[in-house]
1. Of all residues being touching a residue at least 24 places away in the same chain (Cβ under 8 Å) and not aliphatic (A, V, I, L, M) in region 153-184, which is nearest to PHE195 (Cα to Cα)? Just the residue, please.
2. Taking region 19-50, which residues are part of a loop (DSSP other than H, G, I, E, B), away from the ligand (no atom under 14 Å from the Cβ) and under 14 Å from LEU5 (Cβ atoms)?
3. Return the only residue of VAL178, VAL209, VAL188 being out of contact with any strand residue (DSSP E or B) (no Cβ under 9 Å at 6 or more places or on another chain) and crowded, with 18+ Cβ neighbours inside 10 Å.
4. Which of the numbered conditions does VAL230 fail, given that it passes all the others? Conditions: (1) out of contact with any Pro (no Cβ under 8 Å at 6 or more places or on another chain); (2) farther than 27 Å from THR141 by Cβ; (3) of a type outside the set (Gly, Ala, Ser).
5. Taking only region 76-117 into account, find how many residues are within 16 Å of the ligand (Cβ to nearest atom), surrounded by fewer than 21 Cβ atoms within 10 Å (Cβ to Cβ) and outside any loop (DSSP other than H, G, I, E, B).
6. What number of residues in region 132-150 are under 18 Å from PHE221 (Cα atoms) and within 16 Å of the chain's Cα centre (by Cα)?
7. Within region 130-173, count every residue that is more than 16 Å from the ligand (Cβ to nearest atom) and within 20 Å of MET191 (Cα to Cα).
8. Which of the residues belonging to region 51-75 are out of contact with any Phe, Trp or Tyr (no Cβ under 8 Å at 6 or more places or on another chain) and within 16 Å of the ligand (Cβ to nearest atom)?
Amino acid sequence: MFLALSAYLGPGDEIIVPEPSYPAYPEVARFLGAKPKFIPIKFLGPERGFALDIEKIEEAITPKTKVIVVNNPQNPTGALFLPEQIDEIMRIAREKKVAVLVDEIYDNFVYGPGFKSFMTFEDWRDYVLYVNGFSKTFSMTGWRLGYLVIRREVAKHLTRLAVNIWSCPVSFAQKAAVAALRGDWEPVKRMVDLFRRRRDLIAKKLREVPGFEVWPSEGAFYIFPRVRKVLDETGMSVEEFVEHILYNKYVVTLPGTAFPDKAGKDFIRLSFATSEEAIEKGVERIKEAVEELLAKK
Ligand SMILES: Cc1ncc(COP(=O)(O)O)c(C=O)c1O
């Protein structure tokens, strides 16, 4: 991400970040002197989930805009954007001559229909800065290995930058990655099936929590319930609410506002990259906390 953005962003430039989002995109942009423009992702309700606001994204483009970010499947919402929305972003990129930073690191964690990769566009080289990594699909989080796919002329320059920052990824991580890619994909499939079960379980359990509006995530391993009703009834901010759950019930969740800017203020993020037993216990405790808080009012 850093390499890709350093090639396209400089002081005064703008980058469009649909949010809530993974925090690195706006942070790297700011480091490079560019300005993130946050466009809220729309929550269409517990039946329909999340969608990019194509109109607002298009409206936000100015002559200074260099990059639009699309993370699909998305952290933290668990959204899987419709293929038509991906087509629309590509149309905007072509018409306005802007690049798209495409982060498809959760591309194997898909529970809904219709994942469309930006790499399926024949002209991806003209617009797409594609990032992916080994952390999620191969559970190699600690190995610190990701990759950027970008047109050859740009890669040539970025290779010089990479060589002078970290020389190269450590050799054993590279060997592990080759083994992962050449290896049997059965364990990955089994893991994703397991995650689908966990997704079903966490969605079902969260629906039993009073005041939570739950859309079952369609990708990644996060679920992002809307908790506005609980916040309104208790007078808590989302940060106070997650701290309360942490210190009183020992369950870690993140406030939606950890994914800057502000669009996440009505939501909390839960990860279901854990056992079914932990999910049952964790959500049970969240439910207890909410019931106690509401009873006090
Ligand atoms: C959307 C997204 N992109 C990229 C990453 C980076 O993963 P890593 O630093 O493990 O390569 C993450 C990690 O959570 C993520 O959620």
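1. By that ranking, first place goes to GLN174.
2. LEU32, GLY33, ALA34
3. Only one candidate qualifies: VAL209.
4. (1)
5. Count: 1.
6. Adding up the residues that qualify gives 7.
7. 0
8. Listed by number, the list holds a single entry, ILE68.
Read the figures in this text as sums done on the coordinates, not as results from a lab. The model shown is predicted, which means the values in this text are computed figures rather than measured ones. Note that each Cβ is placed from the backbone with ideal geometry, even for glycine, and that neighbours are counted across all protein chains shown.
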